[in-house]
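One structure below.
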Amino acid sequence: MRLWDSKLIYLFIALLTFSATAHSQNRYDRRIQRYQNQWINLIPTHTKIQYAGGMGLISLGVGWDYGKNNQWETDVFFGYLPKYTTSRSKITFTLKQNFIPWKKNINKILSFEPLACGLYVNTIFDGDFWVNEPDKYPSNYYSFSTKMRFNVYIGQRFSFNIPYEKRLFTRQITVFYELSSNDLYIVSAIGNGYLKPKDYLRLSFGLKFQLF
């Protein structure tokens, strides 16, 4: 075999080895990238503070925006409920799913979201409340859990984009209000015509701080 033939063979083997190594590295890099993205996606994209809404007097939470136009949000809240007429104050937990179908840009700084709606479920951390009816009550004495409430709401939002050079810890602040009701209130309203909207609707306000 001539010398140049041997060099071609070695070059061909080297190219095959490099191609296999590069392919393996690419697969490894893609796998690592997917792994990193999964953890990055767990980082909350916003924080919120909400007043009232059946979640406590004041609730603090974090959440995630997603969807093609970030029209979906999932939030988790911990709330504080003063003792009022009870013997002690309480802590609440809320899981909330929001849908914001469209947004109207008023100018470079201000935008308006004419409809925000969603569902949320909340519970209260206290032994005096229960999911299943205690044995001390007659069967079907209470038809609803006193520990867990299922809620529905509609509302609106105004968002203020903070200029880049003035951003400190957030890039956008959103002010919102919501009208909500829960499963117990809705059933009561249907079965009792004398109830007025103020008896089964709740008004709440909040702030959303967009981090990313």
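Residue-wise test of (1) modelled with pLDDT of 65 or more; (2) within 20 Å of the chain's Cα centre (by Cα); (3) surrounded by 10 or more Cβ atoms within 10 Å (Cβ to Cβ); (4) not in a strand (DSSP E or B).
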position: Asp128; (1), (2), (3), (4): no, no, yes, yes
position: Asn132; (1), (2), (3), (4): no, no, no, yes
position: Glu165; (1), (2), (3), (4): yes, no, no, yes
position: Phe169; (1), (2), (3), (4): yes, yes, no, yes
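Pairing residues of region 188-203 that are within 17 Å of Arg149 (Cβ to Cβ) with residues that are loosely packed, with under 13 Cβ neighbours inside 10 Å, at Cβ distances under 8 Å and at least 6 apart in sequence or on separate chains, gives Ser188/Asp199; Ala189/Asp199.
Residue-by-condition table, conditions (1) hydrophobic (A, V, I, L, M, F, W, C); (2) over 18 Å from the mean Cα position of the chain (by Cα); (3) within 22 Å of Leu203 (Cβ to Cβ):
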residue: Pro44; (1), (2), (3): no, no, no
residue: Ala52; (1), (2), (3): yes, no, yes
residue: Asn70; (1), (2), (3): no, no, no
residue: Lys83; (1), (2), (3): no, yes, no
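Scanning region 174-212 for residues that are under 20 Å from the mean Cα position of the chain (by Cα) and open to solvent by less than 50 Å² (accessible area, probe 1.4 Å) gives Thr174, Phe176, Glu178, Ser180, Ser181, Asn182, Ser204, Gly206, Lys208, Phe209, Gln210.
Taking the criterion of being of a type outside the set (Gly, Ala, Ser) and open to solvent by less than 30 Å² (accessible area, probe 1.4 Å), the residues of region 51-73 that qualify are Met55, Asp65, Glu73.
Listed here are the residues, each with its yes/no results for (1) surrounded by fewer than 18 Cβ atoms within 10 Å (Cβ to Cβ); (2) assigned to a strand (DSSP E or B); (3) at pLDDT 95 or above; (4) of a type outside the set (Gly, Ala, Ser).
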{"residue": "Phe77", "(1), (2), (3), (4)": "no, yes, yes, yes"}
{"residue": "Lys83", "(1), (2), (3), (4)": "yes, no, no, yes"}
{"residue": "Ser87", "(1), (2), (3), (4)": "yes, no, no, no"}
{"residue": "Asn98", "(1), (2), (3), (4)": "no, yes, yes, yes"}
{"residue": "Trp102", "(1), (2), (3), (4)": "yes, no, no, yes"}
{"residue": "Lys108", "(1), (2), (3), (4)": "yes, no, no, yes"}
{"residue": "Leu115", "(1), (2), (3), (4)": "yes, yes, yes, yes"}
{"residue": "Gly118", "(1), (2), (3), (4)": "no, yes, yes, no"}
{"residue": "Asn122", "(1), (2), (3), (4)": "no, yes, no, yes"}
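The values are calculated or read from the model by the stated rules, or taken from the named source; none is laboratory data. What you see is a predicted model; the values in this text were computed from it and never measured. Here Cβ is always computed from backbone atoms with ideal geometry, including for glycine, and neighbour counts include all displayed protein chains. Areas reflect the complete protein model, heavy atoms only, side chains present, ligands, DNA and RNA absent. Shrake-Rupley method; radii C 1.70, N 1.55, O 1.52, S 1.80 Å.
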